[in-house]
Amino acid sequence: MVIDFDLLPGDQGQRQSQVPGPRARVDLQLTGFGLPPVYGWSAVLEYDPNLLRLVDGSFAPSGFIPGLIPLVDAKPGRVEVGGASFSKRVAQGDGDLGSLGFETLDGFGGEAAVIPLL
């Protein structure tokens, strides 16, 4: 799985985003590669809660897995996103999994990281 800051379909390889300063929203897309047949997925992302805040309700699953029911477990500095589907149709290969947004906080000084834990 990779994080891409370009929300167009597919991975454009944009691993960094320019942010003007505090109180700016940054959206990112999660993309999977070489996935076996799946009915769901999950990813854990860590970030500095002094610099970033997950925007409530910002997680949007893609249509890669038909009928995916989104699941979010958010705590300061850590969020698990993903979902599961009860559809009989599976997804496999490469595809966009979903997107979510963060807001920079007053302590933001120009750089912060969102790290996927594998």
Any idea of Asp48's accessible area? Nearest 10 Å², probe 1.4 Å.
60 Å²
What residue among Tyr47, Thr31, Gly10 has its Cα farthest toward the positive end of the dipole of segment 1-76, where the charges are +1 on Lys, Arg and -1 on Asp, Glu, each on the Cβ?
Tyr47
Amide H partners (placed H, <5 Å) of Arg78, local residues excluded:
Tyr47
Which residue fluctuates most in the GNM of the chain (Cα springs below 10 Å): Arg25, Arg78, Arg89?
Arg89
Averaged per residue, the 1.4 Å probe accessible area of the chain, protein heavy atoms only, in Å², is roughly 57 Å²
When N is the residue count of the chain, what does its C-alpha Rg come to as a fraction of 2.2 N^0.38 Å?
1.06
Roughly how much of Asp94 is accessible, in Å² to the nearest 10, using a 1.4 Å probe?
100 Å²
If every Lys and Arg gets +1 and every Asp and Glu gets -1 at its Cβ, then about the Cα centre the chain yields a dipole, in debye to the nearest 20, of 300 debye
Taking every pair of Cα atoms in segment 79-118, average 1/r, invert it to obtain the Kirkwood radius, and report Rg/Rh to two decimals.
1.11
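The values are calculated or read from the model by the stated rules, or taken from the named source; none is laboratory data. Because the structure is a prediction, the values reported are computed rather than measured. Here Cβ is always computed from backbone atoms with ideal geometry, including for glycine, and neighbour counts include all displayed protein chains. Heads up: the accessible areas ignore ligands, DNA and RNA and are worked out on the full protein's heavy atoms, side chains in. Shrake-Rupley method; radii C 1.70, N 1.55, O 1.52, S 1.80 Å.
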